[in-house]
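Here the structure is laid out as structure tokens; the discussion comes afterwards.
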Amino acid sequence: MSTVAMAPHPLYSRTTLEADDLREVLPHRPPFLLLDRVTQVEWDSHAVGVKNVGIGEPCFAGHFPHTYVYPGVLIVESLAQLAGVVRSRTATAGGTRPPRAYLAAVRGFKFTGMVRPGDRLLLEARAGSSVNGITDFTVSARVDGAVVAAGRIAIAETAEGES
Amino acid sequence: MSAVMTPPIDPAHIRELAAQRRALVDRVKQLLVDRLDTGVEATMIADDESLFGRGLELDSIDTLELVVAVQEEFGVEVTDDDVEALLSVSHLADHIAAGLQRER
């Protein structure tokens, strides 16, 4: 086996990420790659991202028949993906193994506004305490400056996929 | 080497230290009950109660919640380097006391 350390993925020296870059740092794929763009990232600490809600989203086929409301659980998932981006450099050991980070806890969430087609979700995730490979995040989602969802999530990195 | 002077034992001081320790351990127990779904009352938790396994049976996500709670309640960090701090209620109280001491 080679003992030469692999160089970290060049994306991890960046502070913004486009959708094409997100496919490199997250294992998710459309239609479940919900995050569109990361406008600011401080690795292992904090990120701001964008999720544009379009009428073409698969969830609107059933949520709801009488009026379109973007599901709160998908806002949580969007925030979890942003938190996953924040931890991805560590979770992938700098990009030398596949990212393996999972949503481990959702706490104290409040949904304080309806999100509808055409809305632009501005997402924020800030890492807090981290122990045993599980990291606490304080997260929020805003539309036009107003908070529509906020709470805490935990992201767990697993040894799965380590080589 | 200079001669070591043993300070005179002041019973009132010892009692005060013991009371402070008692109060800290009780706060840690109350924090466990308030912030985690332990299903027990604070008075039912022993000072040397294990946080994991037989004992309070916390899981890894509870551990993170406890670490967050300790940070919020006492302003003391618990990291992966502090594995001993999470062995029992009393170990956690020791870690918090040491953290508070450093702050002074």
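The values are calculated or read from the model by the stated rules, or taken from the named source; none is laboratory data. Source: prediction; values computed, not measured. Quick reminder, even Gly has a Cβ in these numbers, built from the backbone with ideal geometry, and neighbours come from all protein chains shown.
Quick rundown of the values:
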quantity: Members of the range A:125-149 found to be surrounded by fewer than 21 Cβ atoms within 10 Å (Cβ to Cβ) and away from every other protein chain (no Cβ under 14 Å), listed by number; calculated: A:140, A:142, A:143, A:144, A:145, A:146, A:147
quantity: All positions within the range B:84-104 that are free of Cβ contacts under 8 Å to residues at least 12 places away in the same chain, more than 19 Å from residue B:36 (Cβ to Cβ) and not small (Gly, Ala, Ser); calculated: B:84, B:94, B:101, B:102, B:104
quantity: The range A:109-136: number of residues that are free of Cβ contacts under 8 Å to residues at least 40 places away in the same chain and either of a type outside the set (Ser, Thr, Tyr) or assigned to a strand (DSSP E or B) (or both); calculated: 10
quantity: Residue B:38 being closer than 25 Å to residue A:102 by Cβ, among the β-branched types (Val, Ile, Thr) and either outside any helix (DSSP H, G or I) or touching a residue at least 60 places away in the same chain (Cβ under 8 Å) (or both); calculated: yes
quantity: Answer from A:106, A:48 - the residue that is more than 14 Å from every other protein chain (Cβ to nearest Cβ), farther than 19 Å from residue A:29 by Cβ, at pLDDT 95 or above and assigned to a strand (DSSP E or B); calculated: A:48
quantity: Number of positions in the range B:66-90 that are out of contact with any helix residue (DSSP H, G or I) (no Cβ under 9 Å at 6 or more places or on another chain), closer than 18 Å to residue B:53 by Cα and either polar (S, T, N, Q) or away from chain A (no Cβ under 12 Å) (or both); calculated: 2
quantity: Test: residue B:45 is more than 10 Å from chain A (Cβ to nearest Cβ), farther than 14 Å from residue A:131 by Cα and in contact with a Phe, Trp or Tyr (Cβ under 6 Å, 6 or more places away or on another chain); calculated: no
quantity: Number of the exception - residue A:120 against (1) crowded, with 16+ Cβ neighbours inside 10 Å; (2) at pLDDT 90 or above; (3) more than 14 Å from chain B (Cβ to nearest Cβ); (4) within 17 Å of the chain's Cα centre (by Cα); calculated: (1)
